[in-house]
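First comes the structure, then the notes that go with it.
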Amino acid sequence: MGTVLIAYATRTSAAADIADAVAEVLRSAGHEVRVADVRTDPGVDGADLVVFGSGINASAYYPEATAWLKAKAADLVSTRLAVYNTCLNAADPAKQDLALSYNDAVVTRHGALSSAAFAGRYVPAEVGWASKLLARVTRRRAQDHLDADAARAWAEALLPLADPETPPHR
């Protein structure tokens, strides 16, 4: 079985919750899985598959997510990569393509083999002052659209990528 690193950046724990749901499926298939917040600077360490996720702010990955990807770029070349994001736009079926497009730069730059966008959550206590001000003006309230079953379904599609016998398709 394969070795998988699931690394994420989160402010509201949505990306962490998606990581845990994905890990559950991969572990049940017999893969060895490490789940880590990028703030702990997890190493790629010969993983057969890296699953990388970030929350979205202003249509972009969190800065710590982008910094981790940049720092690990050389290591990511030698493994398979799948990416996901969590954002409120993914909760709206009409905005699903927009939500998925937030991954485009990472897919292109790092050759990710799979990309997903999952509905996230808005927790007013976990955002900066500018986001709080915008939320107050627009009367946005706390929201939680997280769908762990959608993450598990995506993880099922990732199973072949975690198999060390599967040739990389970069």
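The values are calculated or read from the model by the stated rules, or taken from the named source; none is laboratory data. None of these values were measured; they are calculated from a predicted model. Because the Cβ atoms are built from the backbone with ideal geometry, glycine has one as well, and the counts that use them run over all protein chains shown. Heavy atoms of the whole protein, side chains included, go into the accessibility calculation; ligands, DNA and RNA do not. Shrake-Rupley method; radii C 1.70, N 1.55, O 1.52, S 1.80 Å.
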Separation of the Asp92 and His145 label points, Cα + 7 Å toward Cβ, nm: 0.8
Carbon and sulfur atoms: what percent of the 1.4 Å accessible area of the stretch 1-106 do they account for? 50
Over the stretch 29-86, equivalent-ellipsoid semi-axes from the Cα gyration tensor in Å: 20, 13, 11
Under a 1.4 Å probe, counting only protein heavy atoms, Arg152 has an accessible area in Å², nearest 10, of 70
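Would you mind counting up the charge near Ala60? Only other residues with Cβ under 15 Å from its Cβ, with Lys and Arg at +1 and Asp and Glu at -1.
Every neighbour counted, the sum reads +1.
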Could you state how much accessible area Asp37 has, in square angstrom rounded to the nearest 10, with a 1.4 Å probe and all protein chains kept in place? 20
Pull up all non-local amide H partners of Asp144: gap of 5 or more, or a different chain, and H-to-H distance under 5 Å with H placed in the peptide plane. Tyr122
